[in-house]
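The values are calculated or read from the model by the stated rules, or taken from the named source; none is laboratory data. Treat the numbers as computed from the prediction; the structure is a model and nothing was measured. We place every Cβ from the backbone using ideal geometry, glycine too, and count neighbours over all the protein chains shown.
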Amino acid sequence: MSGNRCAGISRVRIRVSTEEPERFLRLCRMRGMELYELRVSERTLYLVIKAVDFHLLLSVRRKTRAHIRIDQKLGAYFFIKRFPYKKTLLVGILGLMLLIRTAYSHIWQIHITGNSSLSEEQIVQFLSEKGIRVGKRKTKEESQQISLWMREAYPEISWISVSITWDGLSIRLKEGITEHREKMEESPCDLIADTEGEIAEIITRSGTPLKKTGDHCKKGEVLVKGAYVIMNDSQEIVRTEYVCADADVYIRYTLPYSRTIPLKFTQKEETGRKRVSLYLKVGSWYLESFPVPYGKGERTEETSNVTSVVKKGFPAVFPIVTTGIRTESFLTERETEISKEAGKRMARQELESFQKKLIEKGVQISANNVTIKVDDFNCISKGTITVEKKAERKAPIMIQDSLERNTQNGEQHY
Amino acid sequence: MKLHSRKSWIHSLEIPEDVAYKDPIITVTGQHVILIENYRMLMFFTEQEISVKVQKGLLRILGSRLYINYYTPEEMEIRGRIQTIYLEADPS
């Protein structure tokens, strides 16, 4: 309890030998002194007083004929007084304060929460392009500017809050269907081809189809027009109704595929020789305990960053300062030869992974015309892959222009 | 009559009685802590007994291993193994 009441204050632990301990305490109280941890034992008082109150004891001592002895000096003042290198300590404290001040006034971390379709890297990259990066000075104006930039660049952000935290920036955002996208869907638009190819299938829900199954289309060509032309009995255009074109259009096209796997190649192998060294990195400055001279064969490095462990326990005030352990393994080159069967297997695996990547991109594979041939030196995979891709690109229609064109031509052809 | 008028005056002004009459406030927490506010002076201090003069009386605390955790002009906190607390009122 007393520890809490006088914590941080320079104080002295004293012992007072007197015949009148109660009178001594009464006199102390009259002088407005605060006493802590008061114990008595055979006319001797043990107590703690503030260092600044010590001189008030002189008159009390005289009146009560007490004998005062200092047992212990506590607090920062006495610690600094005892410290032999006072100037160095002062410079160190000032340096630390300056460092903390610098650390607090710069961006060291950018916390992003609430993002789902936008990746953290994407946002960080965008901010970096705008000049907001780790190590930059924090300003209130920029945090307001960031929210404006983000809203402009990413219309899918429905709500954003940028705040300055002690270690950097905190960006909280919410994504949703934007007004812009809704408007885009409601406003008249054409469905256009993303790629060149043949129309495999077309199912139109709204709009006028300009292509049919089997037709060839070029990239950027209109597939479904977002307009209905209303004609009268004399086949004259009465008016044009504009809609947003909606259709399932699949475009079939072929992709060339060619890979060569050599049956003889050079492989790098670890020699077994390893070297472990400690390192300290501050920005671009690098210090290593046992630096290995470069040029003595090739080597690989495994770096374990100790700072990530530190970050868990302590706030990352200085993330630019990293420490860690680096393990270096030395490598040698070895000539390796694989069998024709193994080469074929590798080629098939490579083709499968290529097809898997295509499927992940939302493309359907309709035919695979890749052949794998093996000669004495290489395993060659060559051919084409036929794929089908759904056309999803939409382009808004400028109604004014269309009307002008209609009036100029007198007739419109789709 | 004089006392009655003073009491009614304090009551009408809603002044707390401890402030108006300088009555002591004694807060006992368990068997080990006792906080005394508005005390007048420390009369006797040993490990077994602490006597404190309060307005119109004497507060005696008996126990073992008693010590004063803090002692300021306004309040004091006594700690230790408290066994008995007496409040002896002045005969007047």
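Which condition number in (1) away from chain A (no Cβ under 13 Å); (2) within 22 Å of A:PRO21 (Cα to Cα) is the one that B:GLU88 fails?
(2)
Are there any pairs, at least 6 apart or on different chains, whose C-beta atoms fall under 7 Å, with the first in the range B:70-84 and more than 7 Å from chain A (Cβ to nearest Cβ) and the second of a type in the set (Phe, Trp, Tyr), and if so, which?
Short answer, once both residue conditions are applied: B:MET76/B:TYR39; B:MET76/B:TYR70; B:ARG79/B:TYR67; B:GLY80/B:TYR67.
Which of the following residues is surrounded by 14 or more Cβ atoms within 10 Å (Cβ to Cβ), among the aliphatic types (A, V, I, L, M) and either part of a strand (DSSP E or B) or in contact (Cβ under 8 Å) with a residue 12 or more places away in the chain (or both): A:VAL249, A:VAL238?
Criteria check complete, one pass: A:VAL249.
Of (1) of a type outside the set (D, E, K, R); (2) touching a helix residue (DSSP H, G or I) at 6+ places or on another chain (Cβ under 7 Å); (3) in contact (Cβ under 8 Å) with a residue 40 or more places away in the chain, A:LEU27 satisfies all except one. Which?
Against the list (1) of a type outside the set (D, E, K, R); (2) touching a helix residue (DSSP H, G or I) at 6+ places or on another chain (Cβ under 7 Å); (3) in contact (Cβ under 8 Å) with a residue 40 or more places away in the chain, A:LEU27 comes up short only on (3).
Could you say whether any residue in the range A:59-69 is part of a strand (DSSP E or B), within 60 Å of the chain's Cα centre (by Cα), more than 8 Å from every other protein chain (Cβ to nearest Cβ) and modelled with pLDDT of 90 or more?
No: the range A:59-69 contains no residue that is part of a strand (DSSP E or B), within 60 Å of the chain's Cα centre (by Cα), more than 8 Å from every other protein chain (Cβ to nearest Cβ) and modelled with pLDDT of 90 or more.
Please state which one of B:LEU35, B:LEU58, B:LEU62 is in contact with an Asp or Glu (Cβ under 6 Å, 6 or more places away or on another chain), assigned to a strand (DSSP E or B) and within 11 Å of chain A (Cβ to nearest Cβ).
So the residue among B:LEU35, B:LEU58, B:LEU62 that is in contact with an Asp or Glu (Cβ under 6 Å, 6 or more places away or on another chain), assigned to a strand (DSSP E or B) and within 11 Å of chain A (Cβ to nearest Cβ) is B:LEU35.
In the range A:12-55, how many are among the charged types (D, E, K, R), assigned to a strand (DSSP E or B) and under 19 Å from B:GLU75 (Cβ atoms)?
Residues in the range A:12-55 being among the charged types (D, E, K, R), assigned to a strand (DSSP E or B) and under 19 Å from B:GLU75 (Cβ atoms): 3 in total.
Going by what's in this entry, would A:GLU350 be described as charged (D, E, K, R), modelled with pLDDT of 75 or more and under 36 Å from the mean Cα position of the chain (by Cα)?
Yes; evaluated as a whole, the condition is true for this residue.
Hey, any hits in the range A:28-45 for a residue that's aliphatic (A, V, I, L, M), facing chain B (nearest Cβ under 9 Å) and out of contact with any strand residue (DSSP E or B) (no Cβ under 7 Å at 6 or more places or on another chain)?
Checked against the condition, which is being aliphatic (A, V, I, L, M), facing chain B (nearest Cβ under 9 Å) and out of contact with any strand residue (DSSP E or B) (no Cβ under 7 Å at 6 or more places or on another chain), the range A:28-45 yields at least one hit.
All but one of (1) more than 10 Å from every other protein chain (Cβ to nearest Cβ); (2) surrounded by 12 or more Cβ atoms within 10 Å (Cβ to Cβ); (3) of a type outside the set (Gly, Ala, Ser); (4) not in a strand (DSSP E or B) hold for B:TRP9; which doesn't?
If we test B:TRP9 against (1) more than 10 Å from every other protein chain (Cβ to nearest Cβ); (2) surrounded by 12 or more Cβ atoms within 10 Å (Cβ to Cβ); (3) of a type outside the set (Gly, Ala, Ser); (4) not in a strand (DSSP E or B), just (2) comes out false.
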